[in-house]
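Where a number appears in this text, it was derived from the coordinates with a stated rule and is not lab data. Since we're looking at a predicted model, the values are computed, not measured. In this analysis, Cβ positions are derived from the backbone assuming ideal geometry, glycine residues included, and neighbour counts consider all displayed protein chains.
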Amino acid sequence: MKQRYFFLSPVFLFLFFISACQTPQTEDPSIKQNKIIAVKMMQVFDKGDIAALDTMLTDDVVDHQLDTMYIKKTGKEGVKEMFQYFDKAVNGKHTTIHSMAVSGDTVMVFSTTVGTWVDSLMGMPPTNKEIKFPGVDIIRVANGKIAEHWGFLDMAAMAQFTMPPMEQGKGKMKKK
């Protein structure tokens, strides 16, 4: 019996030593604030609250996702136009955030937005059915406002909602 405890005591001493040497981890307040800003941006997108963007974006914001085929403006006005474009095309938007990662002033958000596709979207006619678009948004925050944005949509996932099904073995799309 004593031998068994003798064997375990170095293990317990090692674990105690390791835990005593660790310093408690505290989250940097700016990291928490940057997460809040990213979540609020998703909520503003869902609601189509264009006016809220004035207080959330820097005056010289750069959005690297703006598609110039559909969005004609740049900067803050371009972001507003993009939000209006999606708000018009997709009713009842709701975004679910799956995960977030923060590194300094940059927040990465993996999310899926769901809504009813009611108007032209990226040149495709509406289906009046549910559409889901998963994606990743990377947001750089400066002085409590969004200064830069990169957005990446999962186009393969979107294709199942936007493309008519193909007939098996024929290589041609079937009309609905």
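Overview of results
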item: Fewest-first ranking of Phe86, Phe110, Phe152, using other Cβ atoms within 10 Å as the exposure measure; result: Phe152, Phe110, Phe86
item: Kirkwood Rh (inverse of mean 1/r, distinct Cα pairs), region 29-162, angstrom; result: 15.0
item: Segment Asn91-Lys129, length gained on full extension (0.36 nm per residue, minus Cα span); result: 12.7 nm
item: Loop GluC sites (Glu not before Pro), region 21-122, which have at most 11 other Cβ atoms in a 10 Å radius of their Cβ (DSSP); result: Glu27
item: Derived scalar couplings ³J(HN,Hα) [region 47-64; Karplus, 6.51 cos²θ - 1.76 cosθ + 1.60; whole Hz; x for Gly, Pro]; result: 7, x, 7, 4, 4, 5, 5, 4, 8, 9, 10, 5, 4, 10, 3, 10, 10, 7
item: Ser120, Ser111, Ser99 arranged by Cβ crowding within 10 Å, fewest neighbours leading; result: Ser99, Ser120, Ser111
item: Extension gain (nm, one decimal) between Ala51 and Gln160, 0.36 nm per residue minus Cα-Cα; result: 35.9 nm
item: For Leu57, distant residues with modelled amide H under 5 Å away; result: Ile146
item: Full-stretch length increase - Thr116, Lys40 - with 0.36 nm per residue and alpha-carbon distance subtracted; result: 25.2 nm
